[in-house]
Amino acid sequence: MCGIVAYVGPKDAAPILLEGLQRLEYRGYDSAGLAVVNAKSLKTRKVKGRVADLAAAVPAKFKGTIGIGHTRWATHGAPSDVNAHPHIDQEQRIAVVHNGIIENADELRRRLEGEGVKFESETDSEVLSQLIGRMVKETESLREAVLRALKSVVGTYGIAVIDEQRPGEIVVARNGSPIVLGLGEKEMFAASDVAALIRYTRQVVHLEDGELAVIKADGFNTFTSDARETAKEPFTVDWDAGHYDNGGYEHYLLKEISEQPDTVARTLRGRIDDRFHIAHLGGLNMDARETRSFRRVKIIGCGSAYYSGQMGAQLIEELARIPADAEPASEFRYRSPVVEPDTLYVAISQSGETYDTLAAVQELKRKGGRVLGIVNTVGSAIARETDGGIYLHAGPEVSVASTKAFISTAVAFALLALHLGRVRDLSPADGRRICEGLRRLPEQIKEILTLEDRIKELAKKYADAPGMMFVGRVRGYPVAREGAQKLKEISYVHAEAYPASELKHGPLALISPELPTVAIVPDDELLDKNLTTLGEIRARHGRILMVGHRTSEAADDCIVVPKNQVELDPILLTIPLQLFAYHAAVALDRDVDRPRNLAKSVTVE
Ligand code: G6P
């Protein structure tokens, strides 16, 4: 979603801001803009379209050593040059970039219009520049003006503000939308995502909600919305710019699928104890007694994170025998959930920023719930709000559709389930079986990746179907859901996932030669039942692509993956579906890494 970059230092700001905005492109956006100050004169450029269009629109004389940049994902007002950020005030003195939503924007706009202010755009964000513009005239301090303006604002924001009369400082503020400061050599950066900073510095400071900062070339200071100074320790990011390159692959998505043997190995590294057949998860911050005390596990996340949570719930029930279920965080937070002291809550998020998940965590914390996070982005909002958790260490995920983070989350759940199981009733023998299975995953993923050419052929064969059904039973059902999610996200082919057992209770009516089915058929105790389902589809002339551990006459095509332990097989069965969706999307000539209407991190409600 929206992205922010800010720079103050000795260098020319525009190229740095453009480079930063490029790094944020993966988040999804529809317009982009820049503002710089030179000799106490503010210049802005904004365009609907890509960062490359903005770069082309920036004239050579667009000089200034302080500036802010933005990529916008429209919420209030259509994508257009005017609605793009930065927004400036009526006097053309203040420029603001904003992520988030100002909930009382209409009321503030009416008030300001009543005082004679003329608005240019339809956005909620412009009230910020207009408000700060009015305040700065009264206070002649940008810091004071921002503090005062934010007092009348209700909503979420990450903002960066510059004042043409004060070309040495940028004021940033955070409430619900991330802001990180980047510390350079006699220069400072700020952004909504470390991805924008990584080329310049790995020393960062995360702002908390309700915190602001003034950044100058020689340093920064942070303070709260009631003007109390805060002390912040910089933190070193362990990802570098190389992690954000496409590594010679045509798409980030394919790069991220191909990386999975390594990313799974990283998620597992140092966490398997072969002596006691347990998992070491130091980040949980729970002793054995506490770990035993939970009677239920409730998992929340959005999109693919939610489907990986379904896989996790299954693993926890099977290995730890604790009732567990997953729910979309976006639903959970709105239904006034009953929060129980003996339930362990687990929030999942690749980015650690998804607003619905963050809000659900905050609601849980307010009600005294014990919340763990399974998060990829170190130091992100959800990681900081939770009581402990498991980092995925999968490296940055750039493509909008999640692949390696999904798989690493499922692996993290297997570790958590092993951990919860071994402090309860999971036997050492079963513990050993799971540890051995986990260790085999990276090699087996490599083996599945060698099937790419065959999967590509199949994807081409099925890509012209108007829609596809994905079915799986019990362990196979979350696999089917994630497979359908991948296909619809990136190829725009309608895909519906159903428990195989439910097919005859409704969707069987849809089965025809035009609607092929992807069937997840592991070699487990439900194999015969699944094969019966294939027979039912076949009898209605439905085409079937089976993904499992053997071939079957009942299917038109089969993808056979290596077998692991039954509990871990869903992780491996998901991989061919990622490649299938990828090649279907390529065959249909889709924008694979940036599918229409979607954003990587959904930081609004
Ligand atoms: C968006 C993305 C999905 C992703 C979901 C959760 O909707 O388009 O691909 O699964 O957010 O993201 P998170 O960062 O919380 O895992």
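For segment 250-279, the tally of residues that are over 25 Å from ALA429 (Cβ atoms), open to solvent by less than 60 Å² (accessible area, probe 1.4 Å) and not in a helix (DSSP H, G or I) stands at 2.
For segment 310-329, the candidate set comprises residues that are open to solvent by 10 Å² or more (accessible area, probe 1.4 Å) and touching a residue at least 60 places away in the same chain (Cβ under 8 Å); within that set, the residue that is farthest from the ligand (Cβ to nearest atom) is ARG321. In the set ALA484, ALA509, only one residue is assigned to a helix (DSSP H, G or I), hydrophobic (A, V, I, L, M, F, W, C) and surrounded by fewer than 19 Cβ atoms within 10 Å (Cβ to Cβ); that residue is ALA509.
Just one residue in the set ASP589, ASP593, ASP556 is open to solvent by 20 Å² or more (accessible area, probe 1.4 Å) and on the phi > 0 side of the Ramachandran plot; that residue is ASP589.
Just to verify a result, which residue in segment 362-387, among those that are within 11 Å of the ligand (Cβ to nearest atom) and either assigned to a helix (DSSP H, G or I) or of a type in the set (Ser, Thr, Tyr) (or both), is most open to solvent (accessible area, probe 1.4 Å)?
Among them, the one singled out is THR377.
Does at least one position in segment 533-552 carry a residue that is acidic (Asp, Glu) and modelled with pLDDT of 95 or more? Scanning segment 533-552 turns up no residue that is acidic (Asp, Glu) and modelled with pLDDT of 95 or more.
Give the residues of segment 226-245 that are in a loop (DSSP other than H, G, I, E, B), open to solvent by less than 60 Å² (accessible area, probe 1.4 Å) and either small (Gly, Ala, Ser) or farther than 21 Å from ARG384 by Cβ (or both), sorted by residue number.
Residue satisfying the conditions is ALA227 alone.
Inspection of segment 122-130 finds no residue satisfying the criterion of being in a loop (DSSP other than H, G, I, E, B), out of contact with any Asp or Glu (no Cβ under 9 Å at 6 or more places or on another chain) and under 15 Å from LEU42 (Cβ atoms). When the residues of segment 494-506 are filtered to those that are open to solvent by 10 Å² or more (accessible area, probe 1.4 Å) and in contact (Cβ under 8 Å) with a residue 12 or more places away in the chain, the one that is farthest from the ligand (Cβ to nearest atom) is LYS504. Which helices (runs of 4 or more DSSP H) sit wholly inside segment 389-465 and have at least 3 residues that are in contact (Cβ under 8 Å) with a residue 40 or more places away in the chain and under 17 Å from the mean Cα position of the chain (by Cα)? Correct list: 404-422. Please indicate, with yes or no, whether at least one residue in segment 203-223 is touching a His at 6+ places or on another chain (Cβ under 9 Å), surrounded by fewer than 20 Cβ atoms within 10 Å (Cβ to Cβ), in a loop (DSSP other than H, G, I, E, B) and in contact (Cβ under 8 Å) with a residue 12 or more places away in the chain. No, every residue in segment 203-223 fails to be touching a His at 6+ places or on another chain (Cβ under 9 Å), surrounded by fewer than 20 Cβ atoms within 10 Å (Cβ to Cβ), in a loop (DSSP other than H, G, I, E, B) and in contact (Cβ under 8 Å) with a residue 12 or more places away in the chain.
For segment 169-183, what are the residues that are surrounded by fewer than 24 Cβ atoms within 10 Å (Cβ to Cβ) and at pLDDT 95 or above?
Across segment 169-183, the qualifying residues are GLU169, LEU183.
Just to be sure, is TYR582 within 16 Å of the ligand (Cβ to nearest atom) and surrounded by fewer than 23 Cβ atoms within 10 Å (Cβ to Cβ)? In short, no. Restricting to segment 335-351, count the residues that are in a loop (DSSP other than H, G, I, E, B), under 25 Å from GLU317 (Cα atoms) and near the ligand (Cβ under 10 Å from one of its atoms). So the answer is 1. Among all residues of segment 280-299, there is at least one that is within 16 Å of the ligand (Cβ to nearest atom) and either under 19 Å from CYS435 (Cβ atoms) or open to solvent by less than 10 Å² (accessible area, probe 1.4 Å) (or both). Residues that are within 16 Å of the ligand (Cβ to nearest atom) and in contact with an Asp or Glu (Cβ under 6 Å, 6 or more places away or on another chain) within segment 550-579 comprise just one, THR574.
The values are calculated or read from the model by the stated rules, or taken from the named source; none is laboratory data. Just so it is clear, the structure is predicted and the values come from calculations on it, not from any experiment. All Cβ positions, even for glycine, are placed from backbone atoms using ideal geometry, and neighbour counts span all protein chains on display. Each accessible area value is taken on the protein alone, full model and side chains, heavy atoms only, with ligands, DNA and RNA left out. Shrake-Rupley method; radii C 1.70, N 1.55, O 1.52, S 1.80 Å.
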